[in-house]
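Heads up: the structure comes next, in structure tokens.
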Amino acid sequence: MKKVIVIGAGPAGISASYMLSKNNVKVEIFEASPYVGGMSRSFNLWGQTVDLGPHRFFSKEPKVNQFFNEVLKDDYTNVSRLTRIYYNKRFFDYPLKLFNVFKNLSISTIVSVLYYYIKQQIIPIKNPRSFEDWVTNRFGKKLYGIFFKNYTEKLWGIPGSKIDADWAAQRIKGLSLIEAVINSIRGNKNNKHKTLVDQFKYPNGGTGSLYNKALEHIESHGGVIYMEQPISKLIINNNVCKGVVTKDGEEHYADYVISSMPITKLIKGIDITPKDILDTAKKLYFRNTILVYLEINDEHLFDDNWIYIHAPNVKHGRITNFRNWAPSLNKDKKSTILCMEFWAFDNDDIWKAEDEYLASIAEQELKEIKLISADEKIENVQVKRVPKCYPVYETGYKEHLQIIENYLNSIDNLIPIGRYGAFKYNNQDHSILMGILAGENICYNSNINLWDINTDTDYQEDGEVKDVLIQ
């Protein structure tokens, strides 16, 4: 019987462990935190259930859907998606609807959008390397400034001119302004794009219940999970990964190690890593998230699941309304819980700010964009900081990542996966697929290149367009 150590109990680690346990492989999971689910975990708050931000489930991949259906069975709700974009003190339907756009934009702005779009088609930017250049080529300078620039730069903390075009290619490949207009005229009926689906599955117990239920299956098949057990380094003999060393110095051995820990930390945990590889790893970095939860004594604040905030006058970038997901989350409570997202690097003042300051900023900005009235009372506030959420695709990152990939590929029986582990801007369905295929590579001796998942090769979505806005 093979034995596999899995580092991390997020979507990638849990789905890998699930696949392995189904095939009678002995699994040991080491999770640094006290929780299962990683960034997709759920928790109880003020008598209700919430997630770490919004996490919808949608996939065209049969393996991912099979995992979801096997684990949850019928314990989920089909949620009708409603999302909007807040820009220039107005709310735009997302996906865009023609008459809604005409209502919210002036004629001069619409003419400007068309002018810059046509100009860009006549004189495109050759070999666009940045996100800004790629999107400008596809939509024109004016539309880039309206619906892409501010939100994207808030999220990543660097100018759009320094974000690699890879991110745009992964998230909006195939979608054009002309196609968006045609879809809008049709009312977005039968829209084929992944980003524009109007319904998604959602576990009744919150997104995290998917991973907690999967863990029950893993444990019932002999798997073991060690919580609050971070890994300090890997055991490498003759370029073969033999196991891990936990923070307390204890050694654990296995036939394979699957790692979903941050790739930069993984590299540091390999004693034999050459200095030039360590130096390259330092050029890869992550972006943090601050989540501010607010409880408001009102059942009907607004109907959206979440709203993207494209406004330079406020610091937050997205708001989730958990009242509008599965009714099971609310547990008959009459209040609404909102989650506001702020993004930061380790050295940013807002990342180091006191909770009281963040709470006051959140309340002030919520009232500034008029999602609650000026005299609305906030019942409770809680702040959660989530480090290293987003791998930053700074221009040139791919060259650095390729060097790291080549080095890790030279170490046998070590399999990096997931958003953290593979430095991929994954949705949870991408990470689930990575985990499942990692398990299949071990169980069936298949040789699927996991680095290809969630690239511009359309590995998972069968040519469907991915979401330019984060999910």
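What the table shows:
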| quantity | calculated |
| --- | --- |
| Failed condition for ASP303, given (1) of a type in the set (Asp, Glu); (2) in contact with a strand residue (DSSP E or B) (Cβ under 7 Å, 6 or more places away or on another chain); (3) closer than 22 Å to TYR87 by Cβ | (2) |
| In region 93-112, the residues that are modelled with pLDDT under 90 and in contact with a Lys or Arg (Cβ under 7 Å, 6 or more places away or on another chain) | ASP93, TYR94 |
| Where a residue in region 221-240 is farther than 15 Å from SER260 by Cα and its partner, wherever it lies, is loosely packed, with under 12 Cβ neighbours inside 10 Å and among the β-branched types (Val, Ile, Thr), with Cβ under 7 Å and at least six apart | ILE236/ILE272 |
| Region 71-92 - residue that is assigned to a loop (DSSP other than H, G, I, E, B) and either touching a helix residue (DSSP H, G or I) at 6+ places or on another chain (Cβ under 6 Å) or within 30 Å of HIS217 (Cβ to Cβ) (or both) and, of those, modelled with the lowest pLDDT | ARG81 |
| Selection from region 1-35 of residues that are closer than 28 Å to ALA326 by Cα and surrounded by fewer than 23 Cβ atoms within 10 Å (Cβ to Cβ) | SER33, PRO34, TYR35 |
| Some residue of region 28-51 being within 16 Å of ASN204 (Cα to Cα) and free of Cβ contacts under 8 Å to residues at least 60 places away in the same chain | yes |
| Residue match in region 125-138 (condition: touching a Lys or Arg at 6+ places or on another chain (Cβ under 6 Å), farther than 29 Å from VAL386 by Cα and surrounded by fewer than 20 Cβ atoms within 10 Å (Cβ to Cβ)) | no |
| Subset of region 121-135 [part of a helix (DSSP H, G or I), under 16 Å from ASP166 (Cβ atoms) and not hydrophobic (A, V, I, L, M, F, W, C)] | GLU132, ASP133 |
| Output for region 409-444, where each listed residue is of a type in the set (A, V, I, L, M), in contact with a strand residue (DSSP E or B) (Cβ under 7 Å, 6 or more places away or on another chain) and either free of Cβ contacts under 8 Å to residues at least 60 places away in the same chain or not in a loop (DSSP other than H, G, I, E, B) (or both) | LEU414, ILE415, ALA438, ILE442 |
| Within region 1-22, tally of residues that are assigned to a loop (DSSP other than H, G, I, E, B) and modelled with pLDDT of 95 or more | 3 |
| Region 322-350, residues that are over 12 Å from VAL292 (Cα atoms) and among the aromatic types (Phe, Trp, Tyr) | PHE322, TRP325, PHE345 |
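Listed here are the residues, each with its yes/no results for (1) within 30 Å of ASN297 (Cβ to Cβ); (2) β-branched (Val, Ile, Thr).
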residue	(1), (2)
ALA353	yes, no
ILE361	yes, yes
GLN364	yes, no
TYR390	no, no
TYR397	no, no
LEU401	no, no
ILE417	no, yes
GLN428	no, no
ALA438	no, no
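The values are calculated or read from the model by the stated rules, or taken from the named source; none is laboratory data. Small disclaimer: the values here were computed from a predicted structure and weren't measured. Neighbour counts run over all protein chains shown; Cβ positions are idealised from the backbone, glycine included.
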